[in-house]
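One structure is given here, and the rest of the page talks about it.
Just so it is clear, none of the values below were taken in a lab; they were calculated from the coordinates. A quick note: this is a predicted structure, and the numbers were derived from the prediction, not measured. In this analysis, Cβ positions are derived from the backbone assuming ideal geometry, glycine residues included, and neighbour counts consider all displayed protein chains.
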Amino acid sequence: MDKAINRQKVLLQHLNPSQSSSSTSLSASACLAGDSAAYHRTASFGDDVVIVAAYRTALCKAKRGGFKDTHADDLLAPVLKAVIEKTNLNPSEVGDIVVGSVLGGGSQRASECRMAAFYAGFPETVPVRTVNRQCSSGLQAVADVAAAIRAGFYDIGIGAGLESMTTNPMAWEGSVNPKVQMFEQAQNCLLPMGITSENVSNRFGVSRKEQDEAAVESHRRAAAATASGKFKDEIIPVLTKIVDPKTGEEKSVTISVDDGIRPNATLSDLAKLKPVFKKDGTTTAGNSSQVSDGAGAVLLMKRSIAIQKGLPILGVFRSFVAVGVDPAIMGVGPAAAIPVAVKAAGLELDDIDLFEINEAFASQFVYCRNKLGLDSQKINVNGGAMAIGHPLGATGARCVATLLHEMKRRGKDCRFGVISMCIGTGMGAAAVFERGDSVDELRNARKVDDLYLSKDAR
Amino acid sequence: MPVFKTPFNGYSVKFSPFYENRIAVATAQNFGILGNGRLHVLELSSNPTLPISEIAAYDTADGIYDVTWSESHDSIVVAAVADGSVKLYDLALPPTANPIRSFHEHTREVHSADYNPVRRDSFLSASWDDTVKLWTLDRPTSVRTFKEHAYCVYSSVWNPRHADVFASASGDCTLRIWDVREPGSTMILPAHDHEILSCDWNKYDDCIIATASVDKSIKVWDVRNFRVPISVLNGHGYAVRKVKFSPHVRNLMVSCSYDMTVCVWDFMVEDALVSRYDQHTEFAVGVDMSVLVEGLIASTGWDELVYVWQHGTDPRAS
């Protein structure tokens with residue numbers, strides 16, 4: 001056998017002479033760009049599900065804000081109309097509209113969504129349905145449409161989210177099954193969300209100060225984004241009415257700015273607030289997400305169709321995952337879901353350039369950020385739910401709009417984004433999106449320290 | 001022009017000096033790395049449309065790297081075998097009597113064999129054990145061993161004019177000229193910066209020698225002035241495996257290379273490449289020009305094919 005090896009060596013020397021005295025020609029060396037998963041994987045294929053449009057309404061404070069006198073279907077209709085108008089799509093080509101919505105009564109809300117579709121100019125041939133996975137419903141709707149497109153049910157679909165917490169505040173109707181006494185986890189599903197926030201901050205040691213700082217940062221970033229006009233790309237102005245609570249006078253208004261943002265929020269202001277859910281707790285109104293009204297819509301289709309129609313591609317849907325966690329600390333949902341979604345997309349956490357992690361409460365947001373070791377410069381760069389608001393069912397869809405538009409602004413270096421939220425009753429959901437249009441391969445080469453050509457070599 | 005498919009990968013091809021339509025082909029299994037070998041003696045038919053036929057085939061336990069015809073007997077071939085032995089075969093004898101001789105002195109692969117065309121009584125074997133050995137047909141052991149090279153000797157070639165002079169090309173990047181009457185080498189040419197895989201003497205000028213190297217070039221030297229080559233022939237894409245001067249035209253030479261092509265050069269001309277033949281689909285490792293038929297070229301390669309064609313024609317045309 002040695003003979004064979006030696007003969008091979010001799011022959012190899014003819015083809016690749018190692019010693020060269022004067023002139024050095026080309027020599028092989030390990031690829032310095034390394035095998036970062038994002039670099040070479042995920043090519044673009046015609047059957048990718050892509051997002052060609054994503055819009056949202058402004059998010060307004062429930063009961064007191066700009067949409068307090070707006071019907072839920074009047075929130076949805078403008079965004080549905082926008083995704084069609086801005087892309088010049090024939091609405092009859094839409095295969096389905098899936099709307100995530102949480103608090104409205106099941107059948108009524110579904111009917112309202114159907115009616116909204118008619119307001120938006122959709123023909124009767126376009127079906128509508130709703131989906132409810134609590135806070136992730138908007139994201140779940142987008143994922144459902146992507147899955148249906150992949151399954152071949154239709155080629156073009158709209159995933160949307162809608163919530164009017166003015167019309168439907170969080171409430172429990174009817175009695176509670178006494179059986180929950182015997183099932184702690186079931187009982188914990190009934191915990192007020194604020195209590196789960198206190199559970200998280202207690203168990204994982206997130207201090208009041210950290211939470212308030214996160215809230216201040218959220219407001220600061222959201223205010224900066226609004227001031228610089230970043231949200232103009234994604235917000236659809238809604239023409240609606242406001243009824244003066246004292247005089248009953250109706251006024252016609254156009255709502256196009258998130259009205260929950262406090263540009264001048266400071267740490268000291270927040271420190272003054274009293275804990276709401278537990279006597280000596282840490283969760284206050286300031287470091288919790290706001291109760292809001294709003295809607296968002298995302299137009300998805302196959303890449304081949306988008307190219308055929310000449311539509312610029314805003315983003316590519318890569319993966320979605322929903323996981324279950326302990327209902328008592330439901331806020332840890334993103335920490336559980338994000339790694340799974342990233343892995344499902346064939347990536348690593350390092351490959352993700354931008355995150356939208358819903359700030360249901362500062363406690364869980366800070367915990368998840370620290371647990372995953374994420375760079376805070378990459379998360380909620382334009383503010384989060386504490387400043388902008390959290391209209392439960394709409395949040396997922398609104399995050400898609402915010403994320404994709406921000407990735408578009410950041411340029412080709414910002415290739416992958418993740419949206420994630422915790423879900424009441426103990427779940428987490430996460431989805432990975434890729435920036436639209438083609439990837440600049442040269443700029444996405446990442447330098448690595450070790451020259452292993454493959455991750456498996458580690 | 002005909003093509004012959006050998007079962008093993010081709011390593012060397014030589015025209016018989018006696019019969020114009022007879023060639024010997026040295027082949028080795030698995031590219032010569034591991035396995036058996038076979039020596040084919042083929043007959044070209046006078047009608048070019050008819051295929052090449054096989055007169056004889058001899059199997060060996062290890063690959064055969066080179067073959068040479070005896071200049072004294074029309075039916076004897078010498079095979080350089082990879083297991084270090086040099087075997088003699090006689091076509092006139094039945095297969096059971098073959099090989100008639102097996103000389104096993106080299107300690108490593110024998111890479112080349114060459115028969116003395118002037119004296120016709122002796123032949124050389126060049127081996128990867130850094131030595132060249134001189135043999136005669138009648139003696140059971142080598143007449144002389146020339147041990148000076150520092151690495152594998154790839155080729156040793158007799159001078160066509162001077163009976164006792166030969167050149168050896170080695171992986172130590174030198175070409176050595178020897179005279180069998182002298183104790184050591186008479187000249188050392190540091191011809192290339194990389195291994196020299198083949199050399200050949202010019203048939204019309206006894207001082208001109210060509211070397212083919214891993215650096216993809218062929219250099220033509222005048223041994224009287226060996227500091228600077230007469231010409232450097234570039235054009236091959238990979239190491240040049242074999243070079244042979246034409247027996248009919250003074251300036252013409254043929255070479256084959258790992259870049260799968262066979263090239264014909266005129267080294268006295270500025271634009272030296274005369275033709276390039278790319279019929280092989282694997283390394284082209286063996287090439288020869290017939291002494292008896294002007295312009296007839298044979299080549300073989302690792303693609304297990306032997307081509308015989310007239311220079312200027314398409315080797316693949318039938």
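Summary of values
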| read-out | value |
| --- | --- |
| Chain B, relative contact order in percent, only Cα pairs under 8 angstrom and at least six apart counted | 14 |
| Nonlocal amide H pairs with B:Arg101, under 5 Å, H built at 1.01 Å | B:Leu88 |
| Extended-chain gain in nm, criterion 0.36 nm per residue less alpha-carbon gap, B:Val143 and B:Cys207 | 20.5 nm |
| Pairs from A:Lys86/A:Lys302; A:Lys63/A:Lys408; A:Lys251/A:Lys309; B:Lys147/B:Lys242; A:Lys309/A:Lys378; A:Lys309/A:Lys412 whose Cα-Cα separation, in the structure shown, is over 29 Å | A:Lys63/A:Lys408; A:Lys251/A:Lys309; A:Lys309/A:Lys378 |
| Residue-wise HN-Hα coupling along region A:110-116, computed from phi with Karplus coefficients 6.51, -1.76, 1.60 (Hz; x: Gly, Pro) | 4, 5, 4, 5, 4, 5, 4 |
| Fewest-first ranking of A:Leu190, A:Leu75, using other Cβ atoms within 10 Å as the exposure measure | A:Leu190, A:Leu75 |
| Under the Karplus curve 6.51 cos²θ - 1.76 cosθ + 1.60, θ = phi - 60°, whole-Hz ³J(HN,Hα) for region A:241-247, x wherever Gly or Pro sits | 10, 10, 9, 5, x, 8, 8 |
| Set of region A:62-84 residues, backbone N closer than 20 Å to the point 7 Å along the Cα-Cβ line of A:Thr247 | A:64-70 |
| Stokes-Einstein translational diffusion, chain A - Kirkwood Rh over all Cα pairs, 0.890 mPa s, 25 °C, in µm²/s | 105 |
| Relative contact order of chain A, pairs being alpha-carbon contacts under 8 Å that are 6 or more residues apart, as % | 27 |
| Interchain or long-range residues, amide H under 5 Å from B:Met187's placed H | B:Ile177 |
| Average other protein chain Cβ within 10 Å of Cβ, residues A:1-9 | 4 |
| Tilt relative to chain A, helix A:72-87 - C-alpha long axis, 0 to 90 degrees, to 10 | 40 |
| Degrees between helix A:193-204 axis and first principal axis of chain A (Cα, 0 to 90, nearest 10) | 40 |
| Cut-off 14 Å (backbone N to label point 7 Å along Cα→Cβ of A:Ala151), residues of region A:79-98 | A:96-98 |
| Spatial separation of Cα centroids for region A:163-219 and region A:339-399, in angstrom | 18 |
| Estimated vicinal HN-Hα couplings, Hz - region A:88-99 in sequence order (Karplus 6.51, -1.76, 1.60; Gly, Pro = x) | 6, 7, 7, x, 5, 7, 6, x, 6, 10, 10, 10 |
| Paramagnetic label zone (point 7 Å from Cα along Cα-to-C-beta, A:Arg64; backbone N under 17 Å) in region A:231-258 | A:243-246, A:258 |
| Total charge dipole magnitude, the protein assembly as shown, about the Cα centre, Cβ charges on Lys, Arg, Asp, Glu only, Debye to nearest 20 | 2540 |
